[in-house]
Amino acid sequence: MRGLFGDLEGGSAVTDSIFPQHAPNTSGERADPGLAAGALARRLGVATTTLRTWHQRYGLGPSGHQAGRHRRYTPHDVAALTEMARLTTRGVPAAEAARQARRQTTPWPADHPALDRGTEAAARRIARAARRLDVLTLRETLTAAVASQGVVHTWHALAGPAFVHISQAGYGEPHKAVARRVLGRCLSEVFAAVPRPPAGSAAPVMLVAVDTRRDVAALDALAAALAERGVGSVHLGADLPPGALTDVAGQIRPTVVVVWSHSWREDISQLIAALSTVPQWQPVIVTAGGAWPVGHGVLCPTLADTVAAVAGLIDGP
């Protein structure tokens, strides 16, 4: 039997793949060292001195490091600073913009010390409700979390730890698989209820998943998180043949295409290559969700990274 979040066996491995804390490099190439300050400044349209100021005053700086070299900006750093630039351009005071940028781009892994006791207790309650198959409590709790804290917080700070609790619980694997399935379905239902941009609005983002079991729920979360920011998207799910994908792309011509995969598969190269065949269309490809080799679009390992990066690409700095 298979559930939305994996087989009956290996539940914790499945959870790790859906809520990655880092994006492992499976290509055999050296890991991407990140962006230099000058390159990031040009991308954001700000001076390098501005980046230094944001680092010194607000702690938004480069975290990537290789021996003997200057520190580099990782995808997570870029996501946070893209959001910082977007907010300050819109007139938000720098200190408040920095606070929002950190909050909206923090991935909150399950063991992060920033998770307070209240949040951790809520995640445990969610896990217990999933075990009891109490869908009414799950929907009510998750709906309240999205309304008060947003989709990204709900995904990383509540759903992620809840899946970990289920995987580590003492009951049998068949029951765990059912609990994961019920929680996954409730998450998708709650995310689908997040208001979308009004009819007739542009949908500049196309969302594609690779694995039905593991990736579609993440796209549900991404579509909802983008909608919270007023960004429309077309959610195509998983397993769409490359020919059908290019037909849709040629019709809607989105600015950004997000391809979400928890792990690398060779047929993903064919999917991305197919997108390049659409005439007179050059989107930004965002590769999200986990184990992507270097050189495949804008790498965003977590939902928080992906939301910030896509919003920055759509809105500009």
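For the reader, a short list of remarks on this structure follows.
- Number of residues in region 228-245 that are over 21 Å from Ala309 (Cα atoms) and surrounded by 18 or more Cβ atoms within 10 Å (Cβ to Cβ) equals 1.
- Which listed residue is part of a helix (DSSP H, G or I), within 30 Å of Pro279 (Cβ to Cβ) and touching a Leu at 6+ places or on another chain (Cβ under 6 Å), from Leu226, Leu245, Leu219: Leu219
- Single residue of Ala114, Ala39, Ala95, Ala80 found to be modelled with pLDDT under 50 and among the small types (Gly, Ala, Ser): Ala114
- Cβ pairs under 6 Å, 6+ apart, first in region 167-180 and under 11 Å from Ala130 (Cβ atoms) and touching a residue at least 12 places away in the same chain (Cβ under 8 Å), second aromatic (Phe, Trp, Tyr) and not in a helix (DSSP H, G or I): Arg180/Phe5
- Subset of region 135-153 that is surrounded by 21 or more Cβ atoms within 10 Å (Cβ to Cβ) and in contact (Cβ under 8 Å) with a residue 24 or more places away in the chain - its residue that is farthest from Pro301 (Cα to Cα): Leu138
- For Ile272, the criteria (1) touching a His at 6+ places or on another chain (Cβ under 7 Å); (2) buried (at least 22 other Cβ atoms within 10 Å of the Cβ) hold in every case but one, which is (2).
- Residue tally, condition surrounded by 15 or more Cβ atoms within 10 Å (Cβ to Cβ) and at pLDDT 80 or above, over region 45-76: 11
- Scanning region 231-251 for residues that are within 20 Å of Thr154 (Cβ to Cβ) and without any contact (Cβ under 8 Å) to a residue 40 or more places away in the chain turns up at least one hit.
- Count of region 230-255 residues, restricted to those that are under 18 Å from the mean Cα position of the chain (by Cα) and under 16 Å from Val210 (Cα atoms), is 5.
The values are calculated or read from the model by the stated rules, or taken from the named source; none is laboratory data. Bear in mind the structure is a predicted one, so any value in this text is a computation, not a measurement. For neighbour counting, all protein chains shown are included, and Cβ atoms are generated from backbone atoms with ideal geometry for every residue, glycine included.
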